[in-house]
Amino acid sequence: MIMFSNDYDISAKGNIVLKNNSFSVKILEKTNRIINDIWNKELEKNHSIFNEQVLCLKNFFKKNNEVHINVFFTDYRNVIAERKYPSLRLNIKQIGVSGIIILNENHGRFVIFSKRSKNNMEYPKYLELVPSGNIDKSVLQNDNLINYIQKLKEEFTEETGTSEDSIKKIYSFCLVYDKINHVFDVGCIIELSYSVLDFIKNFQSVDEYSNPIFVKEEQLNDFIIKNREKIVPSSLALLDCYLFK
């Protein structure tokens, strides 16, 4: 096996704990005008985006086998502005959640990929593990912990058309960083006891992805080597963690 890419970092391994704090991004009036201009230009190119509050990473530390991450919410427009123009120095790094589906059936264990739509703002036509998504305030609990597992379950049903009742086990195992888009992801394993045929039958095409691709676990390394340039960095990082665990 080999390391798959230099486009990502494996920031930490272990169970992930996300906790919201009172940190807020202070933006000067002049900078805010620049951000508005950037956002309006993005809206002209993609009318489907909207300015929701998304989760960002402030800092993290390791304690035993847990990775504790302090996070905060900010406008998505700020994230886009920082990504397009790092010289703004807003110090904003978005954090999302991604899963590796391990589908167990009689014929073996499969990992599921899908191709991103050509209309995606980021990595159009690239292969990506499903599911994945942004984390918003809908999963912020009263104790300030972020229930990202629930968010991943929602993304799972939305992106695959399969009920979350099919999930046998789900757990986090790493924190990774996409160096190109400057986005962190909480990596999770999603184990299914399900057949490939039933999964295909239930799969509902969505705007973001096309039909699923099933790769046998023992063929995963060869598949990644062959398609490395076509796989998004965050997915490569999760696979690296999974195969080298």
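The values are calculated or read from the model by the stated rules, or taken from the named source; none is laboratory data. In this text, all values refer to a predicted model and were calculated from it rather than measured experimentally. Methodologically, a virtual Cβ is constructed for each residue, glycine included, from the backbone with ideal geometry; neighbour enumeration extends over all protein chains shown. Only protein heavy atoms, including side chains, enter the accessible area calculation; ligands, DNA and RNA are left aside. Shrake-Rupley method; radii C 1.70, N 1.55, O 1.52, S 1.80 Å.
Remarks
- Under-5 Å amide H pairs with LYS93, H placed in peptide plane, nonlocal only: LEU57
- DSSP finds beta bridges in segment 98-245, and of those with both partners inside it, around 75 percent are antiparallel.
- 5 Å binning of all Cα-Cα separations within segment 72-148, expressed as whole percents from 0 upward: 3, 12, 15, 16, 18, 17, 10, 5, 3, 1, 0
- Separation between Cα centres of segment 105-172 and segment 200-245, rounded to whole Å: 13 Å
- Net charge in the neighbourhood of ILE80 (other residues with Cβ under 14 Å of its Cβ; Lys, Arg +1, Asp, Glu -1) is -1.
- Residue-level accessible surface for ILE149, protein heavy atoms, 1.4 Å, Å²: 40 Å²
- Where segment 94-245 is the region considered: accessible area per residue in Å², 1.4 Å probe: 45 Å²
- The fraction of all Cα pairs in segment 101-245 landing in successive 5 Å bins from 0 to the largest distance is 2, 9, 19, 23, 23, 16, 6, 2, 0, 0, given as whole percents.
- Accessible area of SER163 in the full protein assembly, 1.4 Å probe (Å², nearest 10): 60 Å²
- Approximate spin-label separation GLU66-LYS216, in nm, with each point projected 7 Å along Cα-to-Cβ: 4.0 nm
- Residue-wise HN-Hα couplings along segment 181-191, as the Karplus relation 6.51 cos²θ - 1.76 cosθ + 1.60 with θ = phi - 60° gives them from phi, are 9, 6, 10, 8, 9, 7, x, 10, 9, 10, 9 Hz; Gly and Pro carry x.
- Across the chain, the relative contact order, built from alpha-carbon pairs under 8 Å that are at least six residues apart, equals 27 percent.
- Solvent accessible area, Å² - ARG116, 1.4 Å probe, full protein context: 30 Å²
- Annotation note: trypsin sites (Lys or Arg not before Pro) in segment 154-190 located in DSSP loop regions with a Cβ neighbour count of at most 15 within 10 Å are LYS179.
- Residue-wise HN-Hα coupling along segment 106-117, computed from phi with Karplus coefficients 6.51, -1.76, 1.60 (Hz; x: Gly, Pro): 4, 8, x, 10, 10, 9, 10, 10, 8, 8, 6, 5
- Within a Gaussian network of the chain (alpha carbon springs, distance under 10 Å), most fluctuating of ARG228, ARG33, ARG77: ARG33
- The count of lysine pairs in segment 44-167 with alpha-carbon distances below 15 Å, taking only pairs 8 or more places apart or on different chains, stands at 6.
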